[in-house]
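K.L.:
Okay, handing you the structure first.
The values are calculated or read from the model by the stated rules, or taken from the named source; none is laboratory data. Quantities reported herein were computed from a predicted structural model and do not represent experimental measurements. All Cβ positions, glycine included, derive from the backbone under ideal geometry; neighbour counts span all protein chains shown. Remember, those area values only see protein heavy atoms, side chains included, never the ligands or the DNA or RNA. Shrake-Rupley method; radii C 1.70, N 1.55, O 1.52, S 1.80 Å.
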Amino acid sequence: EKFKDGLTKTRDSFTSKVNDLVFRFRVVDEEFFEELEELLLQADVGFETVMELIDLLKEEVQRKNIKDTTGMQSLISEKLVEIYNSGEEVSSELNIVEGRLNVILMVGVNGVGKTTTIGKMAARLKKEGKTVMLAAGDTFRAGAIEQLVVWGERTDVEVVRQAEGSDPAAVIFDAVKAAKKRNVDVLICDTAGRLQNKVNLMNELEKVHRVIGREIEDAPHEVLLALDATTGQNALIQAQTFNEVTNVTGIVLTKLDGTAKGGIVLAIRNKLDIPVKFVGLGEGIDDLQPFDPEKYVYGLFA
Ligand code: GDP
């Protein structure tokens, strides 16, 4: 249900246009595929994925000798899921192991929904019975610390913080120590996302990795990159850049509810072998959903 509601914009725009296409054409021909291609590009599915999909569809149409456009919606859904699942196998589960302190690092540029995602994730984990702590490592953006503290209050989770402008690595170091001492299950660390200066960002993230690794050898266990779905292809560029400076283990695609270009999920999948682990479907505490390609694609056509 959450998926269905959150995808309203993409569905209204993309699906109704596909339906319209199916009714208008009735017969599957070259022109039908051309218009379908255009619709998929508009939904930000990405050029390569669109080409791959169109090829797969044409093959299937020929193999099964399909003439009629009815049934094309389900064929499109089927092939979209097939494409999503065709790359290197990826898990959308968080790498959380019982009996240890699990450290999650959240990265992403300002405004993409990093802080909000951390709050929602804390709520989810608490609901699963885990103890959670947050580290206010975005000491750069004005108000970021306060905003995290508000989420901490809302979810009844402790937030380790220092003054604005202090060293993020120091805050995170303190938080790891505190979380260990208190036997916390999951520590989620916010970071500052200053992409303007790649060298600075790299140095900062390296330092954060180092201080975490000093306390827990194999941590951080997850580096999650928050990307704003409404920024379309720009999100892809951010993903590529962050992946160059740090080893991103998963993507959280935020604000999917605010865009008709939900196809960006497939473009990300095609360009990078990084799983989308969660999607943001609203501003509320419950609006973070684990990503499931089938639910997603069928949500588009529901
Ligand atoms: P940060 O700078 O990356 O920490 O971004 P914030 O967490 O402050 O989020 C920026 C804005 O995006 C806020 O107004 C959030 O409420 C909003 N936001 C975050 N995630 C979502 C989402 O999934 N859907 C919608 N509609 N808004 C979101």
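K.L.:
Multiply the residue gap between THR131 and GLN73 by 0.36 nm, knock off their C-alpha separation, and tell me the result in nm, one decimal place.
P.N.:
This chain segment gains 16.5 nm when fully extended.
K.L.:
Cα centroids of the range 263-302 and the range 238-257: how far apart, whole angstrom?
P.N.:
Cα centroid of the range 263-302 versus Cα centroid of the range 238-257: 13 Å apart.
K.L.:
How large, in percent, is the carbon and sulfur part of the accessible surface of the range 1-85 at a probe radius of 1.4 Å? Write down the numbers at each step before the final one.
P.N.:
Values: 2180 of 4530 Å².
Within the range 1-85, the accessible surface is 48 percent carbon and sulfur.
K.L.:
Let me ask something else. Determine the share of the range 141-299's accessible area contributed by carbon and sulfur atoms, expressed in whole percent, with a 1.4 angstrom probe.
P.N.:
Ligands and nucleic acids excluded, carbon and sulfur reach 46 percent.
K.L.:
Moving on. Quick one: which of LYS2/LYS127; LYS2/LYS277; LYS114/LYS277; LYS17/LYS255; LYS17/LYS271; LYS58/LYS271 span more than 19 angstrom between C-alpha atoms?
P.N.:
Check vs 19 Å cut-off fails for LYS17/LYS255; LYS17/LYS271; LYS58/LYS271.
K.L.:
Run down the lysines and flag those whose C-alpha is under 20 Å from the C-alpha of LYS64, throwing out any fewer than 8 positions away in its chain.
P.N.:
Partners found: LYS79.
K.L.:
So what is the accessible area of the chain per residue, in Å², with the probe set to 1.4 Å?
P.N.:
Accessible area per residue, the chain: 45 Å².
K.L.:
Looking only at the chain, where both bridge partners belong to it, what percent of the DSSP beta bridges are antiparallel (to the nearest 5)?
P.N.:
15 percent
K.L.:
What ³J(HN,Hα) values, in whole Hz, does the Karplus curve 6.51 cos²θ - 1.76 cosθ + 1.60 give for the range 104-110 when θ = phi - 60°, with x put for Gly and Pro?
P.N.:
10, 9, 9, 10, x, 6, 4
K.L.:
Reachable aspartates and glutamates from LYS130, Cα under 16 Å, same-chain residues fewer than 8 places away excluded?
P.N.:
The qualifying aspartates and glutamates are GLU93, GLU98, ASP156, GLU158, ASP185.
K.L.:
Calculate, for LYS181 and ARG154, the FRET efficiency according to 1/(1 + (r/R0)^6) with r their C-beta to C-beta distance and R0 35 Å; round to the nearest 0.05.
P.N.:
0.90
K.L.:
Now for a different question. Mind telling me which of GLU30, GLU158, GLU52 comes out most flexible in a GNM of the chain, alpha-carbon contacts under 10 Å?
P.N.:
GLU30
K.L.:
Out of the trypsin sites (Lys or Arg not before Pro) in the range 1-35, which ones are loop residues according to DSSP with at most 16 other C-beta atoms within 10 Å?
P.N.:
ARG26
K.L.:
Under the Karplus relation 6.51 cos²θ - 1.76 cosθ + 1.60, θ = phi - 60°, what is the ordered set of whole-Hz ³J(HN,Hα) values for the range 292-300, x standing for Gly and Pro?
P.N.:
Rounded to whole hertz, the list is 9, x, 5, 4, 5, 5, 6, x, 5.
K.L.:
While we're on this one: List the trypsin sites (Lys or Arg not before Pro) in the range 100-204 that DSSP assigns to loop (not H, G, I, E or B) and whose Cβ has at most 16 other Cβ atoms within 10 Å. Which are they?
P.N.:
Here the sparse-neighbourhood loop sites are ARG100, LYS130, ARG182, ARG194.
K.L.:
Just to be sure I understand the model, the point goes 7 Å from the Cα along the line to the Cβ. What's the resulting GLU164 to ASN110 distance in nm?
P.N.:
Taking the simple label geometry, GLU164 and ASN110 are separated by 1.1 nm.
K.L.:
Then there's this: At a Förster distance of 30 Å, what's the computed FRET efficiency of MET51 paired with THR241, Cβ-Cβ distance as r, to 0.05?
P.N.:
Calculated transfer efficiency: 0.75.
K.L.:
Using θ = phi - 60° and the Karplus curve 6.51 cos²θ - 1.76 cosθ + 1.60, what whole-Hz ³J(HN,Hα) does each residue of the range 134-139 get, with Gly and Pro shown as x?
P.N.:
10, 10, 7, x, 8, 8
K.L.:
Next question, about the same structure. Classify the range 1-88: rounded, prolate or oblate, from the alpha-carbon gyration tensor (a ≥ b ≥ c, eigenvalue square roots; a/c under 1.5 rounded; otherwise prolate if a/b is larger than b/c)?
P.N.:
Oblate.
K.L.:
Starting from 0.36 nm per residue, how many nanometres of slack lie between ARG26 and ASN65 once their C-alpha separation is accounted for?
P.N.:
Working it through step by step, the gained length comes to 12.6 nm.
K.L.:
Oh, and also: Taking amide H atoms as placed 1.01 Å from N in the peptide plane, list the residues 5 or more away in sequence, or in a different chain, whose amide H sits under 5 Å from that of GLU158.
P.N.:
For GLU158, the qualifying residues are LEU134.
K.L.:
Gain in length, VAL90 to GLN196, computed as 0.36 nm per residue apart minus the alpha-carbon separation, to one decimal in nm?
P.N.:
Contour length minus the Cα-Cα distance gives 35.1 nm.
K.L.:
Would you please name the GluC sites (Glu not before Pro) within the range 70-108 that are DSSP coil residues with at most 11 other C-beta atoms within 10 Å of their C-beta?
P.N.:
Within the range 70-108, the qualifying GluC sites (Glu not before Pro) (loop, at most 11 other Cβ atoms within 10 Å) are GLU88, GLU89, GLU93, GLU98.
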